[in-house]
1. Could you compute the FRET efficiency for Ser414 and Val336, with r as their C-beta to C-beta distance and R0 at 25 Å, rounded to 0.05?
2. Just name one of Met272, Leu376, Gln344: the one whose Cα is farthest towards the positive end of the charge dipole of region 171-407 (beta-carbon charges, Lys/Arg +1, Asp/Glu -1).
3. Stretched out fully, how many nm does the piece from Tyr71 to Ala316 gain, at 0.36 nm a residue minus the Cα gap?
4. Highest first, please rank the peptides 304-311, 285-292 by the mean number of other Cβ atoms sitting within 10 Å of their residues.
5. Take the Cα atoms of region 179-316, find their three principal axes, and give me the spread along each one in whole Å, biggest first.
6. About the Cα centre, and with charges only on the beta carbon of Lys, Arg (+1) and Asp, Glu (-1), how big is the dipole of region 171-407? Nearest 20 debye, please.
7. Residue farthest toward the positive end of the dipole of region 171-407, with Cβ of Lys/Arg at +1 and Asp/Glu at -1: which of Gly402, Gly213, Gly366?
8. According to a simple spin-label model (label point 7 Å from Cα along Cα-to-Cβ), what is the distance in nm between Lys423 and Gln62?
Amino acid sequence: MDEILELDVEPPARTQSDTEAFHFPVPGLSGLSDLGSGFLTPALTGLHRKKSAKPTFPLSPQPAAFLAKHYPQAKPHQWNEWRWQLKHRITSLSVLETMLDLTREEREALRPGRDMLPMAVTPYYASLLDPHDPMQPLRRCVIPTTAEHCILPCEEGDPLGEEHDSPAPGLVHRYPDRVLFLATDFCSTYCRYCTRSRRVGRQEAAQGPTAQGPRRWEPALRYIEQTPRVQDVLISGGDPLTMADHALEYLLQRMRAIPHVEIIRIGTKAPMVLPQRITIGLTQMLKRYHPLFISIHSAHAHELTTEAALACSRLADAGIPLGGQTVLLKGVNDSVAELTALFQGQLRNRIRPYYLYQCDQVRGTGHFRTSVSKGLGLIQDLRGHISGYAVPHYVVDLPGGGGKTPLCPEYLRSRDGDDLIFKNYEGRLFRVHDPVVRAAGHGTGGVA
């Protein structure tokens, strides 16, 4: 493998007594117009630091066997370097068919010329896929099938109307006090049910990895600066954690320099599909920009590996509150057992399950979508049987820009005079005294 990549290894955790140091240049807020595309994409020229053979991430048995079989020339420390993972993403049928026993539907969907979301999977995540079972939940999430060619009448390229609510390129302003900042259209691994499949990966397929870039960010940043009611910024994409540290820090610096921006959030799936990205250097940088929150997208408990656990631990140890976001997916996680394992696993990894999304009406995703009644039933079956901390908000992101709308099982059954009748999680009925407020002069009593 490339000697350059052998240098791109995160050093072991340092203590104050350590004398070894390394330099990672962080650009300031000026002179960025002269920076090339390397500002945004991970540099493949090693950092100025000593090479260490000590692995900084565990190598679980399943990824270890996958590494030995499919990348026999690579060393474990290369596998554990996030830039190596990005460089060796699986993006073609010819490579994927050496790793998985593909079905006819998978093979046909991967043939060139299809106008659909590109496929990309990190070697790490590919190591978690069952090579023989096309119905394995993780495999269904990332490997396309011809079911994506079926477009239902209700489905759209931009079902949430984000383009309509975009006052500047790469910015969505829907709610009064918060904005969505789309920093990049690049992901390390593309989910087949992606809400932004209309844009993510498209430029990459044509031109190679790209990010929006400082020049393209500037109109959105100016809008935020000039809009005092914006107090909360969610940096998303694509996946912003696929950008180089200094590019992400540039954005965080700019956000923190705006007096009315109080909260910064980052939306990512990196801890699940590219846990090696969560380096000590990254977390040391992120902790300088509190209050900072990270929303982690996870679909199934099998994503919560030893590697993912370490990534989440590093983020939580940096004082970053972690929220979980999950899309309800037919045949992937649409059972009480699957959701219980996922949400309890998130809690064990210090992720608070926050949103369970009804799958958006994105083109070609009908095979993933459950009924809303199924989702409500699952929430009802979870409530009371697992910790309240492990039960997320079940929401529908309304088509056309209506926003997130929570759904909850109906526990209030009826009114009987001055009593309300409730059904609890066990299905038992209970009365709660709740007198009806009557207008003055009505009801019993009164002043003569």
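1. Step by step, r from the Cβ atoms, then E = 0.40.
2. Leu376
3. 85.0 nm
4. Answer by packing, highest mean first, reads 304-311, 285-292.
5. Per principal axis, max minus min of the Cα coordinates gives 44, 36, 23 Å.
6. Computed about the Cα centre, the dipole is about 340 debye.
7. It is Gly402, whose Cα lies furthest towards the positive end.
8. That separation, rounded to one decimal, is 3.8 nm.
Bear in mind that the values in this text are calculations on the coordinates, not laboratory data. Bear in mind the structure is a predicted one, so any value in this text is a computation, not a measurement. A quick note on method: Cβ atoms are made from the backbone with ideal geometry, for glycine too, and the neighbour counts reach across all protein chains shown.
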